[in-house]
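S.K.: Please read through the structure below; I'll follow up with questions.
Coordinate-derived values only; no laboratory data. Because the structure is a prediction, the values reported are computed rather than measured. FYI the Cβ positions are ideal-geometry reconstructions off the backbone, even for glycines, and counts take in every protein chain you see.
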Amino acid sequence: MNNVKKMLAFFYLGILIITASFSLLSIWDIIQIPNILTKTLYSFFIIFIAMVISIFIFSLSENSKERS
């Protein structure tokens, strides 16, 4: 179970780094993406919600293992 948590943490970190990189490149006009601030905030919100759901599911599975 810990391996899965580590994999998810690295996966979410990778998504966060990629999204932040695109937003910085767009701010400096290296790439052209319209409405980058809105899209970046939506992306960070979706990543945050996915992390919260994953943590909730893992905490439920850990609690059920401890009770057994």
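S.K.: Given (1) touching a helix residue (DSSP H, G or I) at 6+ places or on another chain (Cβ under 8 Å); (2) loosely packed, with under 13 Cβ neighbours inside 10 Å; (3) not polar (S, T, N, Q), where does I47 come up short, assuming only one miss?
M.R.: (2)
S.K.: Select from the range 6-23 the residues that are farther than 29 Å from P34 by Cα and in contact with a helix residue (DSSP H, G or I) (Cβ under 6 Å, 6 or more places away or on another chain) and list them in ascending order.
M.R.: Hit for the range 6-23 is L8, nothing else.
S.K.: Further, regarding this structure: Just for the range 27-68: of the residues that are touching a residue at least 12 places away in the same chain (Cβ under 8 Å) and among the hydroxyl-bearing types (S, T, Y), which one is farthest from N2 (Cα to Cα)?
M.R.: Among residues in the range 27-68 that are touching a residue at least 12 places away in the same chain (Cβ under 8 Å) and among the hydroxyl-bearing types (S, T, Y), the one farthest from N2 (Cα to Cα) is T40.
S.K.: Right, something else. Could you please find all residues in the range 18-38 being in a helix (DSSP H, G or I) and surrounded by 10 or more Cβ atoms within 10 Å (Cβ to Cβ)? Lay out the reasoning, then the answer.
M.R.: Residues of the range 18-38 in a helix (DSSP H, G or I): 18-27, 36-38.
Correct list: I18, T19, A20, S21, F22, S23, L24, L25, S26, I27, I36, L37.
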